[in-house]
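Here the structure is laid out as structure tokens; the discussion comes afterwards.
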Amino acid sequence: MSGTLVAVVCGLAAVMGGWAVLTAARDRRVGRAHLAGLAVVELAVLALVADGVAALVTGTRPVELATSIAYLVVAPLVLPAATLWTLADRSRPSVLVLLVACLAVVVIAYRALLLFQVTR
């Protein structure tokens with residue numbers, strides 16, 4: 001798994017999380033620009049998952065294989081679930097759900113990198 005790709009995913013997710021905080025502080029709702037930004041982060045997450053799957057297929061075996069696979073399965077589901085929640089709720093504080101999701105993406109990406117660095 002590429003450390004550079006993990007850094008890109010973490011950076012994009014951190015920017016979107018900061019934007020979610022600013023949006024909540026300004027007492028605004030999620031708009032189309034937010035959705036476009038989340039789509040960019042999701043594409044980066046999908047690239048990270050593809051990189052992880054490619055590493056598994058080519059023979060890289062992390063010590064915690066089941067945990068690594070679970071991270072690869074859950075990672076692309078976090079942002080869409082939070083986006084659906086935010087769009088369904090439409091209250092102004094619901095934007096903070098995106099912050100939590102972006103923080104979760106950062107943790108998942110970093111933890112997956114750590115797991116893929118420790119191989120058998």
Portion, in percent, of the accessible area of the chain that falls on carbon or sulfur, probe 1.4 Å: 70
Computed label-point distance, nm, for sites Val57 and Ala36 using a 7 Å Cα→Cβ extension: 3.3
Largest-first ordering by accessible area, 1.4 Å probe, given options Ile108, Ile69: Ile69, Ile108
Helix axis angle, 3-25 relative to the chain longest principal axis, alpha carbon, degrees: 20
Note, ³J(HN,Hα) from phi for the stretch 84-93, Karplus 6.51, -1.76, 1.60, rounded to Hz, x at Gly and Pro: 4, 4, 5, 6, 6, 6, 6, 7, 5, x
Net charge contributed by nearby residues that have their C-beta within less than 12 Å of Ala20 (K/R +1, D/E -1): +4
Contour excess over end-to-end distance, with Cα ends at Ala47 and Ala88 and 0.36 nm allotted per residue: 12.0 nm
Förster radius 41 Å - calculated FRET efficiency between Thr67 and Ala25, Cβ distance, rounded to 0.05: 0.70
Value in Å of the Kirkwood radius, where the stretch 1-69 supplies the Cα pairs that are averaged: 13.7
Euclidean distance of C-alpha centroids, the stretch 6-60 and the stretch 79-120, integer Å: 8
Highest-first arrangement of 51-57, 26-32, 14-20, where packing means the average Cβ count within 10 Å: 14-20, 51-57, 26-32
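The values are calculated or read from the model by the stated rules, or taken from the named source; none is laboratory data. Predicted model only: the values in this text are computed from it and were never measured. With ideal geometry, Cβ positions are generated from the backbone for all residues, glycine too; neighbour counts draw on all protein chains shown. These accessible areas exclude ligands, DNA and RNA; they are computed on the full protein's heavy atoms, side chains included. Shrake-Rupley method; radii C 1.70, N 1.55, O 1.52, S 1.80 Å.
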